[in-house]
Amino acid sequence: MPHPEKSADVVIIGAGPSGAVAGTLLKRKGYKVTILEKQTFPRFSIGESLLPQCMEFVEQAGMLEAVQAEPAFQFKNGAAFRFANDYSFFDFREKFSPGHGTTFQVQRATFDKILADSAAKQGVSIHYRHEIRTIENSDDSVTVHGVDGDGKDFAVTARFLLDASGFGRVLPRLLDLEAPSGFPVRQSLFTHVIDNIDCQQFDREKILITVHPQHRDVWYWLIPFANNKCSLGVVAKEAFFDQYRHLESEERLKALVAEDEHLSRLLANAEYPDPVNEIHGYSANVTSLVGPGYALLGNAGEFLDPVFSSGVTIAMKSASMAADVLDRHLQGKAVDWQAEYAEPLKHGVDVFRTFVEAWYDGRFQDVIFYQNGSEQIRAMISSILAGYAWDLNNPFVKQAERRLNTIVEICRG
Ligand SMILES: Cc1cc2nc3c(=O)[nH]c(=O)nc-3n(C[C@H](O)[C@H](O)[C@H](O)COP(=O)(O)OP(=O)(O)OC[C@H]3O[C@@H](n4cnc5c(N)ncnc54)[C@H](O)[C@@H]3O)c2cc1C
């Protein structure tokens, strides 16, 4: 297995969406970039419903055509919500903010490989089966040490390190940056099904979020792909799953689907060819997104919650912002990473946080299912759901909590 070169301008841990996009944007600015990835691609990843805002970063990185050309990806133009007999949907093309109004629902194994291959084609040096174990950092340089797939040690020294290790959370662990997420520990049970959906009204161009009929903080996702398959998952607090412990994972998921009349009707003929997986306690935060010689991207920094499919968008937004600041940093210009990267990134993440909290306490669900809302307000909310959480022209971005509570009052009469 060839070792990576011993030095680079920028070294990146992880070749997922944040690593591939950041690496490519920096390569396009003329820097020597090395990505070290512990797995081989394609590899499974959760996070299959994209938001239109992330297409801006895919485009910036010169990857849009490659993504659009993949036939297994499902064109997506919005999000639909169901709670018992209530149904509501948002068409992202009718959003308030400018920018892409459509995107895709993707098998992440394929999507992440397309991005990483495109990064490599554009000159980013990617080394698979290279796991980072330790780092030494200072203001001027960083050395990462790891072990490759043959068990051999390697080291790379660079002027700057970007941690894009996702749930691997390499720097948060090594540098003791872990901080608790404000959210309770939730769990998700998920798989891909051959859906065999024959309902004419079912809109494959939207993710379907179904609220459990008795427990409003329990919800299901149904993400259609273009190959007669759907990603199906359910999210609840860990303790909620205890009552199903006696069941195997597949039976547990089927039992939960059976509890919602509409979803079980929709999936009446579904086949479950793949294993049902589970993931626990994924919400995470850090004490700081930046430090001497490094910055954290995507999930290596903060992960909120899957409900609005914001993960990949936040990951790519962080990649794009970090690439801009790092460009100036590497040119020797004075940059304030906290003020120019961490704080503006966090502003958008906090907008999503406001809506996630309001989803679980029921406020935002009341807004979503309210049928007499004004078109303009719906367009502003549609913008958030489409990922435009950094557009300060949107009042729901600028003053998320206040605006949301005003609307909640109106919807609740
Ligand atoms: C239940 C659930 C559902 C979700 N649904 C959605 C959704 O519908 N839409 C959405 O946008 N997001 C969703 N997400 C979030 C999404 O999965 C992540 O936000 C997204 O994958 C983050 O991208 P990333 O580039 O930060 O990290 P990742 O995609 O996780 O990539 C990190 C890479 O780093 C590598 N790595 C880790 N450790 C090391 C190491 N030590 N050395 C070298 N390499 C390493 C890993 O192998 C991996 O390839 C969901 C998350 C959960 C938990």
When restricted to SER231, SER181, the only residue assigned to a loop (DSSP other than H, G, I, E, B) and within 13 Å of the ligand (Cβ to nearest atom) is SER181
Residue pairs within 7 Å by beta carbon, gap of at least six or interchain, first lying in region 164-178 and surrounded by fewer than 22 Cβ atoms within 10 Å (Cβ to Cβ), second among the hydroxyl-bearing types (Ser, Thr, Tyr) and not in a helix (DSSP H, G or I), listed first then second, are PHE167/TYR282; LEU174/THR134; LEU177/THR287; LEU177/SER288
Report task. Evaluate region 142-160: report whether one residue or more is under 17 Å from the mean Cα position of the chain (by Cα), modelled with pLDDT of 95 or more and not assigned by TED's automatic domain parsing to the domain that holds GLY233. Result -> no
Condition set assigned to a helix (DSSP H, G or I) and either under 18 Å from the mean Cα position of the chain (by Cα) or at pLDDT below 95 (or both), scope region 24-58, selection farthest from the ligand (Cβ to nearest atom): answer is GLU56
For region 121-140, pairs from a residue that is assigned to a loop (DSSP other than H, G, I, E, B) to a residue that is at pLDDT below 95 and surrounded by fewer than 21 Cβ atoms within 10 Å (Cβ to Cβ), with Cβ under 7 Å and 6 or more apart or across chains, are ARG129/MET1
When restricted to PHE202, PHE190, the only residue of a type in the set (A, V, I, L, M, F, W, C) and touching an Asp or Glu at 6+ places or on another chain (Cβ under 8 Å) is PHE190
Taking region 59-80 and the residues there that are under 26 Å from PRO2 (Cβ atoms) and assigned to a loop (DSSP other than H, G, I, E, B), the one that is farthest from the ligand (Cβ to nearest atom) would be GLY62
Residue pairs qualifying under the 8 Å Cβ cut-off, at least six apart or on distinct chains, with the first in region 281-305 being within 12 Å of LEU171 (Cα to Cα) and the second being in a strand (DSSP E or B) and within 8 Å of the ligand (Cβ to nearest atom), are ALA300/ILE13
Of (1) of a type outside the set (Lys, Arg); (2) buried (at least 21 other Cβ atoms within 10 Å of the Cβ); (3) under 28 Å from GLN201 (Cβ atoms), ALA158 fails just (3)
Note: among GLU65, GLU5, just one is without any contact (Cβ under 8 Å) to a residue 60 or more places away in the chain and not basic (Lys, Arg), namely GLU65
Given (1) in contact (Cβ under 8 Å) with a residue 40 or more places away in the chain; (2) more than 13 Å from the ligand (Cβ to nearest atom); (3) in a helix (DSSP H, G or I), MET321 misses just (1)
Filtering region 188-216 down to residues that are acidic (Asp, Glu) and either surrounded by 21 or more Cβ atoms within 10 Å (Cβ to Cβ) or over 20 Å from the mean Cα position of the chain (by Cα) (or both) yields ASP195, ASP198, ASP203
With criteria (1) in contact with a strand residue (DSSP E or B) (Cβ under 8 Å, 6 or more places away or on another chain); (2) surrounded by fewer than 15 Cβ atoms within 10 Å (Cβ to Cβ); (3) more than 24 Å from GLU357 (Cα to Cα), VAL185 comes up short on (3)
Scanning region 218-228 residue by residue, the ones that are within 15 Å of the ligand (Cβ to nearest atom) and either hydroxyl-bearing (Ser, Thr, Tyr) or surrounded by fewer than 21 Cβ atoms within 10 Å (Cβ to Cβ) (or both) total 2
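Which members of region 106-140 meet the condition of being within 15 Å of LEU161 (Cα to Cα) and among the aliphatic types (A, V, I, L, M)? Walk me through how you get there before you give the answer.
Quick first cut of region 106-140, residues within 15 Å of LEU161 (Cα to Cα) only: 124-126, 131-140.
Listed by number, the residues that qualify are VAL124, ILE126, ILE132, ILE135.
Yes or no, residue by residue, for (1) in a loop (DSSP other than H, G, I, E, B); (2) away from the ligand (no atom under 16 Å from the Cβ); (3) within 25 Å of PRO224 (Cα to Cα):
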| position | (1), (2), (3) |
| --- | --- |
| LEU256 | no, no, yes |
| LEU263 | no, yes, yes |
| ALA268 | yes, yes, yes |
| PRO275 | yes, no, yes |
| ILE279 | no, no, yes |
| TYR282 | yes, no, yes |
| ASN285 | no, no, no |
| SER288 | yes, yes, no |
Based on this model, can you work out whether ALA295 counts as more than 10 Å from the ligand (Cβ to nearest atom) and either under 21 Å from the mean Cα position of the chain (by Cα) or in a strand (DSSP E or B) (or both)?
yes
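The values are calculated or read from the model by the stated rules, or taken from the named source; none is laboratory data. What you see is a predicted model, and the numbers here were worked out from it, not measured in a lab. Every residue, glycine as well, gets a Cβ built from its backbone with ideal geometry; the counts of neighbours run over all protein chains shown.
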